[in-house]
Amino acid sequence: MTAAATRAAQLRDQLNHHAHRYYVLDAPEIPDAEYDKLFRELQAIEAAHPELRTPDSPTQRVGGAVLDGLAPVRHAVPMLSIRTETDTTAEGARAFDARVRRELELPADAPPVEYNAELKFDGLAIGLRYEHGLLVQAATRGDGETGEDVTQNVRTIGQVPLRLRGDAPPLIEIRGEAYMRRDDFERLNERQRAAGAKTFVNPRNTAAGAIRQLDPAGLADKRLSFFAYGLGEIGGWDQPATHSATLDAIAAFGVPVSADRAVVHGAEGLVAFHQRIAARRDALPFDIDGVVYKVNSIALQQRLGFVTREPRWAVAHKYPAQEQLTRLNGIEIQVGRTGKLTPVAKLEPVFVGGTTVSNATLHNLFELRRKGVRVGDTVIVRRAGDVIPEIVGRIVEARPGYVPNFRMPKSCPVCGSAVQREQGGIDHRCTGGLFCAAQRKQAILHFAGRRALDIEGLGDKLVDQLVDGGIVRTLPELYRLGVAKLAALERMADKSAANLVAALEKSKRTTLARFLYALGIRHVGEATAKDLAAHFGRLDRVLDASEAQLLEVNDVGPVVAKSIHTFFDQPHNREVVEQLRAAGIQWDEHDGAAAGAPKPLAGLSVVLTGTLPTLTRDEAKALLEAAGAKVAGSVSKKTSYVVAGAEAGSKLDKARELGVPVLDEQGLRRLLARGP
Ligand code: IVH
């Protein structure tokens, strides 16, 4: 009995430690299978001794009862909102700083005010109440005075610790935002689409709906995340003197705090932060609708106080909206690389998410029907991150007259081949294969893409000309293009022709992973291509691998294995591969993972920031990964090195703050050559 209790406590500690590494730091120390093993061991002990089931046991995250309703929770400290500065230009930040200085009655020559600048997350505000380190309640904001008890649902968020790390105070309520990452949202919608089910509108609504739902089963497929940004009620704890130090303390308790924050001075510091984040907004893995500035000193915050329900010491400074209304002018069909027919909305151009959008995807016929959009409707367009703009819905209003429902064509609008839909499938496909010019064009564009063979200058206009003119019919034919033939094309200067020939020449030196990805095998994305290359090491081994051998590769399941095997089983595909090799495409081969290539940097976690003088970010990442290092997105105490180039931002500040060693490109090369 005592042995079981001791072991259970040990397992809880270990599992909570690894959950923190995995969910919060994004730097796991053990493989998933090992975690699962420990988890099952704890489950078995708890099944045999139910009295050992503690509220902070990781087995207790999921599976509560279906609720009748959410119980009200009275906030001891009201959950306020912040004033929004809608002027999206730099003036918004200057106006806030001027107001703070006026209200603090600072003379014109007083030094600049210190602020903490952070992101404005787009999700649902949540307060997490910890008593003696144990999560006892999670509540929504509600009307600010009274929220709703959502403890059961919040417990399922892996990033929210069930027990705080370190020396936790008797009482601390940590406030922040529950949100959904864009990739988790896209994956959820991919699955919905594949199942022919209703898709979700945007990450914010999905996260908010998930947190407030009564049946915990509905959360199983929705992975949520959390960022802390402040405090509610505290007891028996000396809060640090600044907001930035408070966030550091919260992070040390094991609760995620975004690394994209900075202590800045005066209006110009705020403006610089606003601009720096604006430039990176699309590259962030989650939606933000602005940034938040807070007076950093808690004493000054107290002096400034509140007006009605909003603090005078904080403001939200917005960015242009990621959803806008516009008119649907028409629907066209696009034929993709795999022959898939996608209905594309032709829109009245609209400024959304920082660019002008005039096309948006409608994904497939079923989704188009479900959204009920017809030509002439006012529709909601969403563009967030580098995701292609899409139509998420329409405004219901009277239609001027009869508008026919959209139908999929029976034959391919590009090549005239028959259009088919797989039995029970969602997608319509052109059956023309590489006979279809659209599929050929897309195959070439994919091959030339930045993450594939990276042939600079081979854009869609040029590919149109090459394919429509019958100049390039197969991928290997690209390498037979000469300057003379190219320069004869319309709008092609001699110099651009020479540049393209040089780019083609340069692309011949590549990696096996890029080459495999470039071939455009169905279901083989960049990650799978990397896994294949690491596993097999040589192209011939991939070519001749059986489905069973392919299944041994990390993350390759039956569908992917079959797709790869079928691809290389086709004589014409093998011929394309042979011709590409004959054209001079080459890479370094090795004996595959089985032979255990040396991994001098295994176990290190490295963060890249800024622009390096000669290496691109992708190149630096590939070199580090090849040496066994993990490339992480944010800096923490566990980061081994930060590699910083020009215009490095908050990650560099963070590294210095935490004392993480910082390398330049030369330092990186030294590390790669000599090891740590
Ligand atoms: S501070 C007293 N910081 O924006 C200040 N709020 O109206 C309380 N939000 O729904 C809020 N990111 O959930 C703060 N970094 C951030 C935030 C943030 C998002 C949300 C918050 C609330 C709204 C404020």
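The values are calculated or read from the model by the stated rules, or taken from the named source; none is laboratory data. Predicted model only: the values in this text are computed from it and were never measured. Note that we place each Cβ from the backbone using ideal geometry, even for glycine, and neighbour counts take in every protein chain shown. Areas reflect the complete protein model, heavy atoms only, side chains present, ligands, DNA and RNA absent. Shrake-Rupley method; radii C 1.70, N 1.55, O 1.52, S 1.80 Å.
Measuring max minus min along each principal axis, the C-alpha atoms of region 126-209 give extents of 49, 30, 18 Å (largest first). The modelled label-to-label distance for the pair residue 544/residue 494, using points 7 Å beyond Cα in the direction of Cβ, is 4.9 nm. Averaging the Cα positions of each part gives two centres, and for region 559-576 and region 491-525 these lie 21 Å apart. The mean accessible area for residues of region 508-557, using a 1.4 Å probe and ignoring ligands and nucleic acids, is 44 Å² per residue. Shown here for region 376-483: chymotrypsin sites (Phe, Trp or Tyr not before Pro) in loop regions (DSSP other than H, G, I, E, B) with at most 14 other Cβ atoms within 10 Å, namely 402. If you sort 636, 57, 358 by accessible surface, 1.4 Å probe, largest first, the order is 358, 636, 57.
Per the Kirkwood formula applied to alpha carbons, the chain shows a radius of gyration over Rh ratio, Rg over Rh, of 0.98.
Restricted to Cα atoms, region 570-676 shows a radius of gyration and a Dmax of 17.6, 58 angstrom. Here's the picture: a label point sits 7 Å out from the Cα of residue 195 along the beta-carbon direction, and within region 34-72 the residues with their amide nitrogen under 18 Å of it are 63.
Taken over region 14-61, the percentage of Cα pairs per 5 Å bin, counting from 0 up to the bin with the maximum distance, is 5, 21, 29, 24, 13, 7, 2.
Cβ under 14 Å from residue 434's Cβ, residue 434 left aside: what net charge do those residues give with Lys, Arg +1 and Asp, Glu -1? Around residue 434, the charge tally is +4. At a probe radius of 1.4 angstrom, the accessible area of region 308-361 per residue rounds to 43 square angstrom. Share of carbon and sulfur in the accessible area of the chain stands at 51%, probe radius 1.4 Å.
Multiplying the residue separation of residue 456 and residue 265 by 0.36 nm and subtracting their alpha-carbon distance yields 64.6 nm. Among 466, 453, 483, whose Cα lies farthest out toward the positive end of the dipole of region 443-499, if unit charges sit on the beta carbon of Lys, Arg (+1) and Asp, Glu (-1)? Going by the charge dipole, the pick is 453. Taking the three principal axes of the alpha carbon atoms in region 71-184, the coordinate ranges are 50, 35, 28 Å, sorted in descending order. Each 5 Å bin from 0 upward holds the following percent of the Cα-Cα pairs of region 208-364: 2, 6, 11, 12, 14, 14, 13, 10, 7, 5, 3, 2, 1. Over all other residues within a Cβ to Cβ distance under 14 Å of residue 531, the charged ones net out to -1, with Lys and Arg as +1 and Asp and Glu as -1. For the chain, the longest principal axis of the C-alpha atoms and the axis of helix 526-536 are separated by about 70°. Rolled with a 1.4 Å probe across the full set of protein chains, the surface gives residue 11 an accessible area near 0 Å². Just so you know, the averaged projected area of the alpha carbon convex hull for region 296-427 sits at 13.1 nm². Each Lys and Arg Cβ is given +1 and each Asp and Glu Cβ -1; about its Cα centre, region 524-640 then shows a dipole of about 640 debye. Under the simplified labelling scheme, the residue 10-residue 355 pair shows an inter-label distance of 5.5 nm, with each label point 7 Å from Cα along Cα→Cβ.
You can think of it this way: the chain between residue 370 and residue 88 has 98.0 nm of extra reach, that is 0.36 nm per residue less the Cα-Cα gap.
For region 217-278 versus region 337-378, the inter-centroid distance based on Cα atoms is 36 Å. Computed with a 1.4 Å probe on the full set of protein chains, the accessible area for residue 590 sits at about 70 Å². Against the chain, whose longest principal axis comes from its Cα atoms, helix 32-48 is set at around 50 degrees. Taking 37 °C and 0.692 mPa s as conditions, region 170-226 diffuses translationally at an estimated 267 µm²/s according to Stokes-Einstein applied to its Kirkwood radius (Cα pairs). Taking the square roots of 5 times each eigenvalue of the Cα gyration tensor of region 101-161, largest first, gives ellipsoid semi-axes of 36, 14, 13 Å.
The angle between the Cα long axis of helix 243-252 and the main principal axis of the chain comes to about 70°, on a 0 to 90 degree scale. The Cβ shell under 13 Å around residue 355 holds other residues with a net charge of +1, Lys and Arg each +1, Asp and Glu each -1. Taking amide H positions as modeled 1.01 Å from N, with prolines and chain starts lacking one, the residues under 5 Å from residue 175 and 5 or more places away or on another chain are 128, 229, 230, 231, 232.
Holding the Cα-Cα limit at 25 Å, pick out from 461/530; 37/562; 346/495; 346/371 the pairs that are longer than that. With Cα atoms farther than 25 Å apart: 461/530; 37/562; 346/495.
For region 64-76, backbone phi angles converted through the Karplus equation (6.51, -1.76, 1.60; θ = phi - 60°) give residue-by-residue couplings of x, 7, 6, 8, 7, x, 8, 6, x, 10, 7, 7, 5 Hz, Gly and Pro being listed as x. The residues of region 615-666 expose on average 49 square angstrom of accessible surface per residue, using a 1.4 Å probe on protein heavy atoms. Taking the charge dipole of the chain about its Cα centre, with +1 at Lys and Arg Cβ atoms and -1 at Asp and Glu Cβ atoms, the residue from 133, 565, 641 reaching farthest to the positive side is 565.
Placing unit charges on the Cβ atoms of the charged side chains and taking the dipole of region 150-198 about its Cα centre, the candidate lying farthest along the positive direction among 172, 192, 156 is 192.
Semi-axes of the equivalent ellipsoid of region 436-587: what are they in whole Å, largest first, if each equals the square root of 5 times a C-alpha gyration tensor eigenvalue?
So the equivalent ellipsoid measures 30, 15, 13 Å along its semi-axes.
For the chain, the Cβ-based charge dipole about the Cα centre amounts to some 1300 debye (Lys, Arg positive; Asp, Glu negative; other atoms uncharged).
With all pairs of separate Cα atoms included, region 311-369 yields a Kirkwood hydrodynamic radius of 13.7 Å. Among the protein heavy atoms, those of residue 233 account for about 50 Å² of accessible surface (1.4 Å probe, every chain in place).
Quick one: ranking 88, 54 by accessible area, 1.4 Å probe, largest first, what do you get?
Order by accessible area, largest first: 88, 54.
Placing unit charges on the Cβ atoms only, positive for Lys and Arg and negative for Asp and Glu, gives region 317-404 a dipole magnitude near 180 debye about its Cα centre. Label separation (residue 611 vs residue 143): 5.3 nm, computed from points 7 Å beyond Cα along the C-beta direction. Of the GluC sites (Glu not before Pro) found in region 569-676, those in coil by DSSP whose Cβ has at most 11 other Cβ atoms within 10 Å are 647. Applying the criteria of a DSSP loop state and at most 12 other Cβ atoms within 10 Å to the trypsin sites (Lys or Arg not before Pro) of region 410-489 yields 410, 450.
Only lysines eight or more places from residue 120 in sequence, or on another chain, were considered; those with a Cα closer than 25 Å are 222, 294, 318, 637, 651, 654.
Can you compute log10 of I(q)/I(0) for region 1-110 with the Debye formula, treating each Cα as one identical point scatterer, at q = 0.15, 0.22 Å⁻¹? So the normalised log intensities are -0.81, -1.16. With N as its number of residues, region 367-426 has a Cα radius of gyration that, divided by 2.2 N^0.38 Å, comes to 1.43. How much of the pair distance distribution for region 340-406 lies past 17 Å, counting alpha-carbon pairs only, in percent? Of the Cα pairs, 40 percent sit more than 17 Å apart. Across region 514-525, coupling constants 3J(HN,Hα) worked out from phi with the 6.51/-1.76/1.60 Karplus curve, θ = phi - 60°, read 5, 4, 4, 5, 4, 5, x, 5, 4, 6, 9, x Hz, and Gly and Pro carry x.
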